[in-house]
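Okay, so here's the structure we're looking at.
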Amino acid sequence: SITGACATVEPWAAVAIGFVAGALYLATSKLLVRARIDDAVDAVPVHMTNGVWGTIAVGLFASPGRVELAYGRVGDFGVFMGGDGALLGCQCVGVLFVLGWVTGIMFPFFCLLNYMGWFRASASDEVQGLDSRYHSSSP
């Protein structure tokens with residue numbers, strides 16, 4: 001969640017962004033377990049939730065001096081650093097665009113995989129162990 005903002009935020013802001021990211025990760029992971037959504041590697045909390053947070057964090061914490069060092073003179077910076085919200089608005093529009101794009105492209109693809117029976121491993125393969133089932137040299 002700090003990757004996108006690392007050039008534009010102060011060190012104290014990076015720590016704050018990281019603490020929020022940790023809390024969001026834990027909350028999203030617990031929510032997925034409660035909702036009985038299988039995400040064995042916690043990809044949704046790590047990549048989606050914290051990707052969204054990291055993108056929005058730029059619009060909140062980008063400091064004028066660091067933005068200028070990274071990009072030269074620009075129009076706005078983080079809201080918490082005295083910005084007028086234009087950068088935050090751009091970041092939010094970007095998040096909405098990416099979510100729409102990924103949903104529009106991947107939802108039909110996942111539906112096709114599910115229809116073909118390729119979306120999940122079979123229950124017997126899961127019990128046997130996917131490593132031995134898919135990567136074993138014996139037939």
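The values are calculated or read from the model by the stated rules, or taken from the named source; none is laboratory data. Since this is a predicted model, take the numbers as computed values, not measurements. Note that each Cβ is placed from the backbone with ideal geometry, even for glycine, and that neighbours are counted across all protein chains shown. Areas reflect the complete protein model, heavy atoms only, side chains present, ligands, DNA and RNA absent. Shrake-Rupley method; radii C 1.70, N 1.55, O 1.52, S 1.80 Å.
Diffusion coefficient of the stretch 70-119 by Stokes-Einstein, Kirkwood radius over Cα pairs, 4 °C, 1.567 mPa s: 95 µm²/s.
Taken about its Cα centre, the chain carries a charge dipole of about 140 debye when Lys and Arg each add +1 at the Cβ and Asp and Glu each add -1 at the Cβ. Three principal axis extents describe the C-alpha atoms of the stretch 21-81; from largest down they are 48, 18, 15 Å. The mean of 1/r over all distinct Cα pairs in the stretch 3-118, once inverted, gives the Kirkwood hydrodynamic radius of 15.8 Å. Modelled spin-label separation between GLU126 and GLU10, with each label point placed 7 Å from Cα along the Cα-to-Cβ direction: 4.9 nm.
Do you know the relative contact order of the stretch 20-138, to the nearest whole percent, from alpha carbon pairs under 8 angstrom that are 6+ apart?
On the way: 86 pairs, mean separation 18.6, N = 119.
Relative contact order of the stretch 20-138: 16 percent.
Just round it to a whole percent: the fraction of Cα-Cα distances in the stretch 50-139 exceeding 20 Å.
On the way: 2393 of 4005 pairs.
I get 60 percent for the Cα pairs in the stretch 50-139 exceeding 20 Å.
Measure off, as a whole percent, the carbon and sulfur share of the 1.4 Å-probe accessible area of the stretch 1-104, all protein chains present.
Working: 4500 of 6390 Å².
After summing per-atom areas, the C and S share lands at 70 percent.
The distance from the alpha carbon centre of the stretch 11-62 to that of the stretch 79-139 is 15 Å, rounded to a whole number.
Compute the long axis of helix 86-116 from its Cα atoms, compare it with the longest principal axis of the Cα atoms of the chain, and write down the angle in degrees, 0 to 90, nearest 10. Helix 86-116 sits at roughly 10 degrees to that axis.
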